[in-house]
1. Which value does Rg/Rh take for the stretch A:455-530 over its C-alpha atoms, Rh per Kirkwood?
2. For an R0 of 22 angstrom, estimate the FRET efficiency from the Cβ-Cβ distance between residue A:645 and residue B:76 and round to the nearest 0.05.
3. With angles folded into 0 to 90 degrees, how steeply does helix A:482-502 sit against the dominant principal axis of chain A? Use alpha carbons for both and round to 10.
4. For q values of 0.05, 0.11 Å⁻¹, compute log₁₀ I(q)/I(0) with the Debye formula on a Cα-only model of chain A, without solvent.
5. Antiparallel versus total DSSP beta bridges in the protein assembly as shown: what percent is that, nearest 5?
6. Counting pairwise Cα distances across the stretch A:72-217, what percent come out greater than 19 angstrom?
7. Starting from the Cα coordinates of the stretch A:37-102, work out the convex hull volume and express it per residue in Å³.
8. Rank by packing, highest mean first: peptides A:179-189, A:411-421, A:28-38, with packing defined as the count of other Cβ atoms within 10 Å averaged across residues.
């Protein structure tokens with residue numbers, strides 16, 4: 001069954017040949033893995049130069065392979081762009097039982113993901129060479145980073161749910177290792193633990209979903225093409241079963257993408273080095289949830305309820321994170337909450353079925369958010385690990401280039417024409433105005449997110465780069481080295497052009513490159529691609545969205561342009577409960593702490609204080625003391641007199657012979 | 001030559017008698033040297049039994065085993081006498097009941 005289907009999707013001519021696809025898949029995966037292993041094994045001995053080269057060149061090589069993949073797919077016919085190859089059989093329990101192949105899909109969707117992962121990933125690796133120059137264990141850092149790239153590629157290439165889950169868990173592991181990179185710091189270790197535990201909740205949901213798919217389809221295969229091709233026969237549309245599967249998958253996506261209610265780990269994850277925040281917690285891993293829902297569009301299209309839930313959670317998280325970002329004082333946490341908010345928008349987009357719009361925002365977001373993080377990293381680096389925005393101000397005077405790039409990132413984030421964020425955000429909001437549950441209710445919420453984005457993006461920019469320096473230390477800040485500036489500049493270039501190059505917003509003018517590229521994927525297996533809203537709607541939503549973004553920027557300018565860190569002045573203009581909610585991050589950490597963490601800790605302590613000493617240790621000690629009491633009696637037979645031993649031996653021998661004789665005699 | 005039918009039980013009786021005397025000596029005597037000689041007596045009683053059975057069963061196995069026992073007994077004597085000499089040199093009285101450090 002699975003082989004027949006694979007043969008149908010495999011490419012006979014014109015597309016990618018199976019052998020070529022196999023070679024490319026193996027190369028693109030093995031190169032980063034080799035980098036990780038080399039750095040781990042030889043890094044400590046061969047030193048920093050080797051580590052820098054091994055760490056970055058492995059990703060560059062992977063990027064080159066990815067480009068080959070991309071251009072091969074580009075050159076193929078529209079209908080021949082998806083290739084699924086099987087490398088080997090992983091689990092084979094015979095016909096009628098579970099079969100799992102190690103198989104990978106090269107298609108338009110995975111190519112886009114690969115380009116962003118290796119492209120942005122390579123730039124961030126280069127940047128890390130400069131950022132980690134004073135670090136004591138660069139081999140450890142680059143080993144983890146390469147491992148992450150490998151895991152992430154495994155995730156997006158997987159054509160089998162089991163392989164996807166393996167990649168899914170491995171990016172979580174890499175994230176855990178890198179958040180806890182500074183393991184001497186207690187807060188870093190706690191943050192790493194929090195991220196891992198939260199993400200594992202999602203992993204479990206995905207595993208349960210996989211079991212339900214096997215049971216429900218009876219296909220005995222976790223191959224994604226098989227699942228999608230048989231889903232319509234196996235499940236009733238809008239049925240409870242498919243809805244449950246989608247809910248579980250969505251829960252996995254929420255955990256990985258830091259969406260409500262599993263979002264609290266992302267701000268804490270900023271404990272990791274800044275390049276890690278840029279790569280894992282902004283550009284790639286946290287958008288895996290968006291990819292997952294887009295990849296499983298066949299299932300999500302079958303459940304209106306799950307789609308509505310995803311859209312509402314996405315927009316809700318976008319709103320909430322936007323409000324929280326307004327009051328944060330740690331430069332990286334502001335960007336972290338903005339990431340959460342932007343991913344909320346992407347999740348909203350894939351929730352309403354506008355998959356290519358969601359992926360479009362993923363691409364532009366990867367550029368400008370990585371840019372913001374790296375530029376912020378430059379500032380943090382120059383100010384000797386200062387992250388409190390209240391102690392910054394006027395940094396642009398001393399770091400002109402970084403300031404300029406940060407401005408580009410902020411404008412792109414706020415969504416001002418013609419920067420990238422404008423095109424992608426207004427694109428997905430345009431879909432939101434027409435489609436989705438209770439449209440256009442969520443669209444209006446999206447406009448509020450636009451205003452909030454403008455405010456927090458420029459609040460951050462003004463507080464850090466404008467106004468008067470708040471500490472003397474700032475005047476000592478030096479512009480970053482070239483190795484840290486060039487990647488930022490390239491990302492800034494991407495933040496400017498990736499928007500209008502990929503999709504000119506007005507129908508009829510320019511081409512919808514990203515839509516033409518991705519929509520065939522989402523039309524597979526009987527999927528429906530949402531029709532573009534009418535020209536009038538698009539024009540209207542673009543203008544309204546731009547106005548909302550500009551309103552946010554204007555408010556930020558009025559409040560924060562002259563570095564007024566006086567939070568009370570601003571707070572006096574908004575309702576008090578909003579200020580409190582924002583400052584306390586909607587109390588989620590406190591609630592989880594009170595409901596989950598504290599009771600767990602109390603229970604653990606109780607177990608340690610009562611159950612362990614009394615029952616576990618008691619059982620172990622009981623065995624010991626029982627034996628030693630027993631030995632008191634047996635000890636008396638050990639007299640030390642040889643004659644006694646000899647006598648016992650003799651009696652034993654005689655008795656033995658006697659028994660033998662008696663038995664034989666009988 | 002020996003009369004097979006009549007000497008067989010007698011030879012076995014001598015062997016078992018020697019063995020019993022040896023065993024009793026090991027159990028009763030306190031001088032390690034005498035205990036040692038009694039062990040030799042037991043070994044040689046077994047040797048006699050081996051040779052007797054070998055002869056009456058028309059097999060060389062019994063004699064082979066007897067030779068083996070002689071070799072082992074020689075090795076054992078070397079170790080045993082060395083131990084006894086060492087105990088004597090350490091200035092202790094030669095009495096097996098005094099050598100009871102292995103009790104609890």
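None of the figures in this text is laboratory data; all of them are computed from the coordinates on show. Bear in mind the structure is a predicted one, so any value in this text is a computation, not a measurement. FYI the Cβ positions are ideal-geometry reconstructions off the backbone, even for glycines, and counts take in every protein chain you see.
1. Details: Rg = 20.8 Å, Rh = 16.9 Å.
We get a ratio of 1.23 for the stretch A:455-530.
2. On the way: r = 17 Å, r/R0 = 0.76.
For residue A:645 and residue B:76, the calculated efficiency is 0.85.
3. That helix lies at roughly 60 degrees to the long axis.
4. Relative scattering, expressed as log10 I(q)/I(0), comes to -0.28, -1.08.
5. Working: 12 of 13 bridges.
DSSP beta bridges in the protein assembly as shown are roughly 90 percent antiparallel.
6. On the way: 6755 of 10585 pairs.
More than 19 Å apart: 64 percent of the Cα pairs in the stretch A:72-217.
7. It is 114 Å³ per residue.
8. Numbers: A:179-189: 15.6, A:411-421: 25.5, A:28-38: 22.0.
Order by mean packing, descending: A:411-421, A:28-38, A:179-189.
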